[in-house]
Structures are given as C-alpha cells and as structure tokens.
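K.L.:
I'd like to ask some things about the structure below.
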Amino acid sequence: MRLRAAYDQARTAAEHPDTSSGPDTTTSAHRANLTDPDSRLLKTRNGWMQGYNCQTATSADGFIISARATQDANDVHQFVPTMNDVTATAGMLAEHTGRDDLAVGTMIGDAGYDSHANLTAPGPDRLIANATRRDLNQAAATDPATGPPPPDATTREQMDHRLRTDDGHALYARRAPMVEAPNGWLKDRRGLRRGFARRGIDAVQAELSLAAAVTNLLKIATNGITTTQLATA
C-alpha cells in the first residue's frame, strides 16, 4: 500500500508539475529581451548588462574614424571588420581630398583582439597585445628586445618580440590616450554611458554614428579649425 501511494504521488507530480517557483528549464534556451530583442547579455567589468558591444577606432590625432554597434559578446572577432572599416574610410578620404598621405599606418589593438587570425589577416601593419599594459611594461623593462625576432619564432612570438623593442613598446603606449579619451567623450559627454535612447541595432548604430560625428565636429571647433581651412585641406 505504501509503494502504491508513493507511485500515485510521483505520477501526479509528473502529470501536474509545480511551476510556482524555480526557472522554467524547458524554455530557458529561447528567452529574449522584449524591450530590445536585438540587444545581448554582455559581461562587463561592472557585471552583466543588456546592451551592445560598440567598437571604435581613432586616428593618431584623436578623431573617431570608425564606430560600429555589434551584438558580439567579445572583441576578438571584431578586429578585422574594424580594420576593414578604417581602411575603407582612409581610402574614401584620400579620394575625396586628393591627398596621398591619408593611409593607415599601424593599427594598435589590446589583448581583447589577440588571436592568430587577427595577427595574420591581410591588411595594414598592426600591434596586438596579449597581456595587460602593466605586464607589457614589465616585459619590456626586464626582457628588452632588439633587432628582428628569431627566425623560428611563431607569429605570436614575433609580435611579443616587437612589443619588447623600444619602438614597438613606445608605439603601443600611445594606444590608451589615443583611444580612451574619445571613448570617454562618447560615454560621458554624449551621454552614451547612460544607455542608448533608441532600440534595435540599426537605430543604435545611427545614434552611435551621430554621437561620433558630434564628437569629431566639436574637436574641430575646439582646435580652432575653420571651414576655409577644411575646404583647402
């Protein structure tokens, strides 16, 4: 009788599960944000957030030349698309102005872009770290490099060798002030740190592009560059 009662109880529980508490594991793989289905759950230094992974690239003089909103959870697959965008923008500017000095020199990426594919992809010269700036500084100080890397060095080892040379280390040191300042302007001066006002990746891209354009125009005005100078540049 006890076994029969236990059987009946288990059968009833299976036919009528209690859904009043606990996650619904049958649908957890198909959840979406109903406010903005295009957004993604992203891990940041301040925890998890629902949003977009925005990629920017700046010139040596601090102008934003690429600003892209993506749904990618990390940066590693975004180096080549950003590189292609920068190269296309440089080509467009050179064609528009007739200048032959508007070319991409060396692209600098932090450790978030470290991969064999990014190191070997066709395109401009690049410096991509595989460690924090503190670790790179320590490596350059304690194990400096000169001349070319060993002939049997891997692609990553060749890059590490270059980052320990005086020229490579000095060039990579320019990355933080060149990139972080414009990013700070976008987040704090344009208000993007509080979030985007519109929803959907196309609308977010439009808002990001507008914020980047405003930042560039304000930089032109701050530097005292006139429309006459722009027209004859």
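The values are calculated or read from the model by the stated rules, or taken from the named source; none is laboratory data. Values in this document were obtained by computation on a predicted structure and should not be read as measured data. Neighbour counts run over all protein chains shown; Cβ positions are idealised from the backbone, glycine included. These area figures cover heavy atoms from the full protein model, side chains too; ligands, DNA and RNA do not enter into them. Shrake-Rupley method; radii C 1.70, N 1.55, O 1.52, S 1.80 Å.
K.L.:
Give the residue that is surrounded by the fewest Cβ atoms within 10 Å (Cβ to Cβ), with candidates limited to residues of the stretch 158-191 that are touching a residue at least 24 places away in the same chain (Cβ under 8 Å), farther than 18 Å from G112 by Cβ and within 19 Å of the chain's Cα centre (by Cα).
P.N.:
Across the stretch 158-191, the extreme among qualifying residues is A181.
K.L.:
Scan G109, G195, G200 and give me the residue that is touching a residue at least 12 places away in the same chain (Cβ under 8 Å), under 17 Å from the mean Cα position of the chain (by Cα) and on the phi > 0 side of the Ramachandran plot. Spell out how you get there, then give the answer.
P.N.:
On the way: G109 fails: on the phi > 0 side of the Ramachandran plot; G200 fails: under 17 Å from the mean Cα position of the chain (by Cα).
That would be G195, the only listed residue that is touching a residue at least 12 places away in the same chain (Cβ under 8 Å), under 17 Å from the mean Cα position of the chain (by Cα) and on the phi > 0 side of the Ramachandran plot.
K.L.:
Given the residues A197, A131, A153, which is the only one that is under 30 Å from T35 (Cβ atoms), surrounded by fewer than 17 Cβ atoms within 10 Å (Cβ to Cβ) and touching a helix residue (DSSP H, G or I) at 6+ places or on another chain (Cβ under 7 Å)?
P.N.:
Numbers: A131 fails: under 30 Å from T35 (Cβ atoms); A153 fails: under 30 Å from T35 (Cβ atoms).
Only one candidate passes the filter, namely A197.
K.L.:
If you don't mind, another one. Is one or more of the residues making up the stretch 59-73 at pLDDT 90 or above, outside any helix (DSSP H, G or I) and basic (K, R)?
P.N.:
yes
K.L.:
Just give me the residues in the stretch 202-214 being among the aliphatic types (A, V, I, L, M) and either assigned to a loop (DSSP other than H, G, I, E, B) or open to solvent by 40 Å² or more (accessible area, probe 1.4 Å) (or both), in sequence order. If you could, list the steps in order and put the result at the bottom.
P.N.:
Narrowing the stretch 202-214 to residues among the aliphatic types (A, V, I, L, M): 203-204, 206, 208, 210-214.
Across the stretch 202-214, the qualifying residues are A206, L210, A213, V214.
K.L.:
Of all residues in the stretch 24-57, count the ones that are among the small types (G, A, S), surrounded by fewer than 15 Cβ atoms within 10 Å (Cβ to Cβ) and at pLDDT 85 or above.
P.N.:
Within the stretch 24-57, the subset among the small types (G, A, S) is 28-29, 32, 39, 47, 51, 57.
From what's left, surrounded by fewer than 15 Cβ atoms within 10 Å (Cβ to Cβ): 28-29, 32, 47.
Then keep just the ones that are at pLDDT 85 or above; that gives 47.
Summing the residues that are among the small types (G, A, S), surrounded by fewer than 15 Cβ atoms within 10 Å (Cβ to Cβ) and at pLDDT 85 or above in the stretch 24-57 gives 1.
K.L.:
Do you know which of the residues in the stretch 137-150 that are of a type in the set (G, A, S) and open to solvent by 40 Å² or more (accessible area, probe 1.4 Å) is farthest from the chain's Cα centre (by Cα)? Steps first, please.
P.N.:
Within the stretch 137-150, the first condition is being of a type in the set (G, A, S), and the residues that meet it are 139-141, 145, 147.
Checking the rest, the ones that are also open to solvent by 40 Å² or more (accessible area, probe 1.4 Å) come to 141, 147.
Working: A141: 28, G147: 32 Å.
Step by step, filter the stretch 137-150, then rank; the result is G147.
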